[in-house]
Amino acid sequence: RRFNFISATRRRDKAKAARNPIYRNLRAMPPVTQERVELIHLDREPPNMIPHHDKVRVSQKVKFPKPVTGALGFLAEIKTHAVVLKFVDVRHQKTGLVACDLSAFAWLGWNLAEGQSDVLFQPRIRKGRVDETSV
């Protein structure tokens, strides 16, 4: 899903550069700061855990929540609650469940990229001029 989003962004940027020369020779400048979070491996699901879908339905009073509703509900809940994550990608699926505390993070500088069936958080990437002498 992330690859599709990045491809769509690149296509959009390329079309924009074709229309206007001011947008040519730009490159993505990723953020320079990093945050670390400790992941604690869990053998089984905690007994008092409330699944995200149920929490969004109850707290937002939405019968059929949209992806952005879940993302905003997640940001609201992590301020006061620990999070249990499950890796779903093939590369990390063997990790299983992990717990972490995300309450210290402000999530400033992150963009909410909304698709038809999902929402991605990605760091704000600024565009900078490509140095003509660099390879």
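Quick note: the coordinates plus some simple rules give every number you see, no bench work behind them. It should be emphasised that the depicted structure is a prediction, and the values quoted were computed from it without experimental measurement. Glycine also receives a Cβ, built like all others from the backbone with ideal geometry; neighbour counts cover every protein chain displayed.
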* What does the charge count near GLU77 come to, summing +1 for each Lys or Arg and -1 for each Asp or Glu among other residues with Cβ under 14 Å from its Cβ? -> +1
* Structure fact -> Looking only at lysines whose Cα falls under 27 Å of LYS14's and that sit 8 or more positions away or on another chain, we get LYS127
* Structure fact -> Whole-Hz Karplus couplings 3J(HN,Hα) for region 95-108, θ = phi - 60° and coefficients 6.51, -1.76, 1.60, Gly and Pro as x, run 4, x, 8, 9, 10, 8, 10, 9, 5, 7, 8, 8, 6, 7
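For a quick check of your reading of the filter: which chymotrypsin sites (Phe, Trp or Tyr not before Pro) in region 59-112 sit in a DSSP loop and have no more than 15 other Cβ atoms within 10 Å? Can you show the working numbers first?
Working: sites: PHE74, PHE87, PHE105, TRP107, TRP110; in loops: PHE87, PHE105, TRP107.
Answer in residue order: PHE87, PHE105, TRP107.
Is there a pair in LYS63/LYS94; LYS16/LYS79; LYS63/LYS86 whose C-alpha atoms are over 31 Å apart, and which pairs would that be?
Violating the 31 Å limit, Cα to Cα: LYS63/LYS94; LYS16/LYS79.
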